[in-house]
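One structure is given below, encoded as structure tokens.
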Amino acid sequence: MARIIGGVATTHVPSIGKAIAEKKQNDPYWKPFFKGFDYVHYWLAREKPDVAVVFYNDHGLNFFLDKLPTFAVGAASEYRNEDEGWGIPVSRAIAGDPALSWHLINALVGDEFDITMCQDMLVDHAVTIPMALMYPGEKWSLKIVPVSINTVQHPLPSMARCLKLGRSIGRAIENYQQDLRVMMVATGGLSHQLDGKRAGFINKDFDKLCMDKIVNEPEVLARYSIHDWVEEAGAQGVEFLNWMAMRGALTGEVSELHRNYHIPISNTAAATVVLENRAEAKRRAA
Ligand code: DHB
Ligand code: FE
């Protein structure tokens, strides 16, 4: 049976890709951010996930404003990146797990989520930057199932809906017959606003609330409307929808193993969090 081992949440700011390409990890600007991944590397080396379900938002590479699914699930055997600008190198392709993808798609539709299924899907910096951060320099033997959530074109799905989407995926993985160690990944956030009058807006207090509540009280965060979220976290702070879905998929009791918070990386409050499913921790101790 498949097991959900936990989740990693991280920002996906594109300039991180440029910093990696230019080997700036130890520069004073970047060090406090990249150091926050030492624990992630230790945890991944210990837990050895086979596959990651990656909750992210496409920023116009695969979907554009003309056609924008609320939820889209990848069902490809490989996910390619393309030049998105930002001065970052085009990323290597990432292997998919079509069998797991179709299992999740069937379960989601069975649970009345009207998702878009994508047998061909480009993935943007919101997938490739977290991969490069989690697995620096490696071949990326880990497979992924990308789940794209619309955080771009209003109306957006609610925080509550994304928590439920995650729960549906979590239940489906627990019923998956293959012996896989599955990790959840959420990308984006925390507070940031890239344009308009409030460009550069960051809200440290609200970010702390988000990191505190996501562990064991995600329902508190699920009560916020999207409008209130934009007020508190900035127009792009709604990328937290990805974090809600990731948390929903952690079906066991959850504990926080690691947190790093650094302001700013580019325009964004950069947060990195590792959550463990307590059921899994118990199994390891036994
Ligand atoms: C930045 C943040 C994002 O989430 C993104 O998708 C692009 C840019 C930034 O802070 O520069
Ligand atoms: Fe983004």
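The values are calculated or read from the model by the stated rules, or taken from the named source; none is laboratory data. If you're wondering where the values come from, they're calculated on a predicted model, not measured in any experiment. Quick reminder, even Gly has a Cβ in these numbers, built from the backbone with ideal geometry, and neighbours come from all protein chains shown. Side chains are part of the model used for accessible areas, which takes the heavy atoms of the whole protein and leaves out ligands, DNA and RNA. Shrake-Rupley method; radii C 1.70, N 1.55, O 1.52, S 1.80 Å.
Within the option set Val238, Val254, Val220, being within 16 Å of ligand 1 (Cβ to nearest atom) and either out of contact with any Cys (no Cβ under 7 Å at 6 or more places or on another chain) or modelled with pLDDT of 95 or more (or both) holds for one residue only, Val238.
His12 - would you say it is within 16 Å of ligand 1 (Cβ to nearest atom) and open to solvent by 60 Å² or more (accessible area, probe 1.4 Å)? It is false that His12 is within 16 Å of ligand 1 (Cβ to nearest atom) and open to solvent by 60 Å² or more (accessible area, probe 1.4 Å).
In summary, helices (runs of 4 or more DSSP H) completely within the range 1-103 and bearing 1 or more residues that are within 16 Å of ligand 2 (Cβ to nearest atom) and among the polar types (S, T, N, Q) occur at 15-21. Scanning the range 104-131 for residues that are more than 21 Å from Gln236 (Cβ to Cβ) and buried (at least 20 other Cβ atoms within 10 Å of the Cβ) yields Leu104, Ile105, Leu108, Cys118, Met121. Considering the range 182-209, the residues that are open to solvent by 30 Å² or more (accessible area, probe 1.4 Å) and without any contact (Cβ under 8 Å) to a residue 40 or more places away in the chain include one that is nearest to Ala245 (Cα to Cα), namely Leu209. The condition of being without any contact (Cβ under 8 Å) to a residue 12 or more places away in the chain, open to solvent by 30 Å² or more (accessible area, probe 1.4 Å), more than 19 Å from Val147 (Cα to Cα) and charged (D, E, K, R) holds for only one of Asp212, Asp179, that being Asp212.
Against the conditions (1) within 15 Å of Met183 (Cβ to Cβ); (2) without any contact (Cβ under 8 Å) to a residue 60 or more places away in the chain; (3) among the charged types (D, E, K, R), Lys139 satisfies every one except (1).
Per the conditions (1) touching a residue at least 60 places away in the same chain (Cβ under 8 Å); (2) open to solvent by 40 Å² or more (accessible area, probe 1.4 Å), the sole criterion not satisfied by Ala72 is (2).
Pairing each residue of the range 20-35 that is under 18 Å from Ala269 (Cα atoms) with any residue that is open to solvent by 70 Å² or more (accessible area, probe 1.4 Å), provided the two are 6+ apart or on different chains, yields C-beta distances under 6 Å for Trp30/Lys24.
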